[in-house]
Every structure is written in structure tokens, then in C-alpha cells.
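No value in this document is a laboratory result; all are computed from the given coordinates. Keep in mind that this is a model prediction, so the values were computed, not measured. All Cβ positions, even for glycine, are placed from backbone atoms using ideal geometry, and neighbour counts span all protein chains on display.
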Amino acid sequence: MTEKSTTPEPAVHQKIDTSVPHSARIWNYWLGGKDNYPVDEAAGDAYTDVFPGIVTIARSSRAFLARNITYLVAEAGIRQFLDVGTGLPTADNTHQVAQRIAPEARIAYVDNDPMVLAHARALLYSTPEGATAYVDANVMDTDRILKAAAQTLDLSRPTALILSNILGHVATHEQARSIVTDLMGALPSGSYLSINDGSAGIDPVFEQAQNAYNESGAVPYNLRTVDEITSYFDGLELLDPGVVSVPLWRPDATAPAPQVIGEHGGLARKP
């Protein structure tokens, strides 16, 4: 299948700081990617020295997202995706999973990290039938996100909003809920919300490692309780099995027996 870019290559507006570890680059390192620097590898290794299970969390999170997208396209008939907090491109990005099933799928990616912006061209290759675009915006700026996404997506039609490991970067749970409310409020009935984030109260070693990371000078990531993560879906119709540890969300039949980890998520439909 031939792919083509549907959006001009963006310019980098901010300098990439390679002196401080960055969560997107560390996550890329844990996923086996190469878009990271020695400072990120050092921070990633320091984290895994305390909590080796973070690699399982990173990879389980990615697999959860792929299963969500597969359901949305193949079973729910969704053809539009607003992926906020995209992170660095890796294997099986949202458009790749969606367009393998429905070549006409359209995806708007949102992030404001300069390194993600520098690599955004990897997110801008679409099937001829579909489209992809990259929006340079902060997750807090919901008005800008919606206005820019509307240039690629028809927001009067059902759309899947994806917030994967981004809400933990929002300082308070109340602010994070407000972001979800604003974005979902702009989408019509029949739209879906997919969220997964690091969860508190599951693994004390994970929490110890995360606290140490947050004190390292990197942008903090706040673990939230399962109840807090569940509250993001208030007013929506949660699909079975609800908000669960991500390996337990409709696992592949051929996968090893899933285990509970400190990463919870779910998928819900807007009535």
C-alpha cells in the first residue's frame, strides 16, 4: 500500500534540551527506540534499576492502545482519531493500526515536545484514502487543539479521543478531568474516549521509582488512583471489562496470561 505525506513537514520552534532527561525520550528508550540521548538512557536505566517492571508497563501500554484502536475501527466503525500526547513515533502508531484496517481513517496527532515535532514527519504518512496531521499544542490548550484538529477531522462525526499516558503530566486531577471534559464535550454522540495512565496504589516499588524520577529535574508524572482514572469516564458508557490494568483489557487469546501492573485504562462511548 502506497503512503504519502498529507501535511508539510513542520519546523522545530523550540530547542531540544539534551541536558535534562525527557519522559517521551525515556519512554522511547524503554520501547526499544533510538530517538533518545545518553541523559535519557541514564535516567531510564536508573529507573529500571529500582523498578525493572517499567519496561513491561511501557510495552503493555502500547499493546493496550493497539487493541483499543483495532476495536474502534473493526467493531465500532470509527474512522477519525484525535491522539493527544502522541509521544515519539514508534512501531504501530495510531494511523498505522487504524489504516491497516480502514485505509480511509483520518488521524490528528497532538504534542508540543520539540523532539516529537522534529520527528513528526514519521506521523504524517497516510494512505492515499486517509489523512494524518500534526498539531503543535499543549494538552492544556484544548481550544487550540480542537480548532487545529478540525482542519483534518470532521468533528461533527464520531471521533475517538486518545489520551495515552499524558494526563499524568497534568499537575492536578481536577485539571486533568477538566481537559477530558472540554475535549469530549466538543465531540458528538457515538464518539469514544480511550485513556490509560500510570496507577497509584498497585505497586509500592513503582511508586518509589516514580517519586525518584519526579525529583530528578525531569517533568513530573503523577500516578493517579484507579478511582481517579475511572472518574475520567464519568457520563460515558464504559465498555467491558471497564477500567482495568491494561494487560487485562481484552487480551489477545494467544498472549501469555495477563498480570496486574501499575497502568490502568479503559474505553468508553459517548451516548
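At a threshold of 8 angstrom on Cα-Cα distance, excluding pairs fewer than six apart, so keeping six or more, what relative contact order does the chain reach in percent?
It rounds to 19 percent for the chain.
In a GNM of the chain with a 10 Å cut-off on Cα contacts, which of 206, 233, 51 has the highest mean-square fluctuation?
51
Provide the convex hull volume over Cα atoms per residue for the stretch 172-271, in Å³.
Dividing the Cα hull volume of the stretch 172-271 by its residue count gives 115 Å³.
With no solvent and one point on each alpha carbon, what is the Debye value of log10 I(q)/I(0) for the chain at q = 0.17 Å⁻¹?
Values returned for q = 0.17 Å⁻¹ are -1.51.
So which DSSP H runs in the chain come out at 20 Å plus along the axis (Cα) with average Kyte-Doolittle of at least 0.5?
Passing helices, by number: 54-74.
Using a simple charge model, +1 on the beta-carbon of Lys and Arg, -1 on the beta-carbon of Asp and Glu, nothing else, what dipole does the chain show about its Cα centre, in debye to the nearest 20?
Charge dipole, the chain, about its Cα centre: 700 debye, nearest 20.
Top mean-square fluctuation among 131, 91, 102, Gaussian network model of the chain, C-alpha springs under 10 Å?
Sorting by GNM fluctuation, first place goes to 91.
In whole Å, what is the distance between the alpha-carbon centres of the stretch 110-153 and the stretch 184-200?
Cα centres, the stretch 110-153 to the stretch 184-200: 18 Å.
Per-residue counts of other Cβ atoms within 10 Å, averaged by peptide: what ranking do you get for 59-70, 30-41, highest first?
The packing order, highest mean first, is 59-70, 30-41.
Quote the FRET efficiency, to the nearest 0.05, computed for residue 138 versus residue 177 with a Förster distance R0 of 25 Å and r equal to the Cβ-Cβ distance.
So, using R0 = 25 Å, E works out to roughly 0.90.
Amide H neighbours of residue 131 under 5 Å, counting only residues 5+ apart in sequence or on other chains, H built in-plane at 1.01 Å?
Under 5 Å from the amide H of residue 131: 106, 107.
If amide H atoms are built 1.01 Å from N in the plane of the peptide, which residues on other chains or at least 5 residues away come under 5 Å of the amide H of residue 239?
267, 268, 269
I need to check one value: relative contact order of the stretch 140-217, counting alpha carbon pairs closer than 8 Å and at least 6 residues apart, in percent.
So the answer I get is 39 percent.
By how many nm would the segment from residue 129 to residue 104 grow when fully extended, if each residue of separation counts as 0.36 nm and the alpha-carbon distance is taken off?
8.5 nm
Counting only helical runs of four or more DSSP H residues, what would the 222 nm mean residue ellipticity of the chain come to if each run contributes -39,500 (n - 2.57) and the total is spread over all its residues?
-10000 deg cm²/dmol
Would you be so kind as to identify which of 245, 137, 210 lies farthest towards the positive end of the dipole of the chain, taking Lys and Arg as +1 and Asp and Glu as -1 on Cβ and the Cα centre as origin?
So the residue we want is 137.
Which residues' amide hydrogens lie under 5 Å from the amide hydrogen of residue 126, considering only partners 5 or more residues apart or on another chain, with H built in the peptide plane?
Here 4, 5, 6 satisfy the definition.
Quick check: residue separation of residue 237 and residue 219 times 0.36 nm, minus the Cα distance between them. What number comes out in nm?
Gain on stretching residue 237 to residue 219: 3.2 nm.
Let's test the formula: R0 of 30 Å, r as the Cβ-Cβ distance of residue 17 and residue 157. What FRET efficiency results, to the nearest 0.05?
Taking R0 as 30 Å, the efficiency between residue 17 and residue 157 is 0.15.
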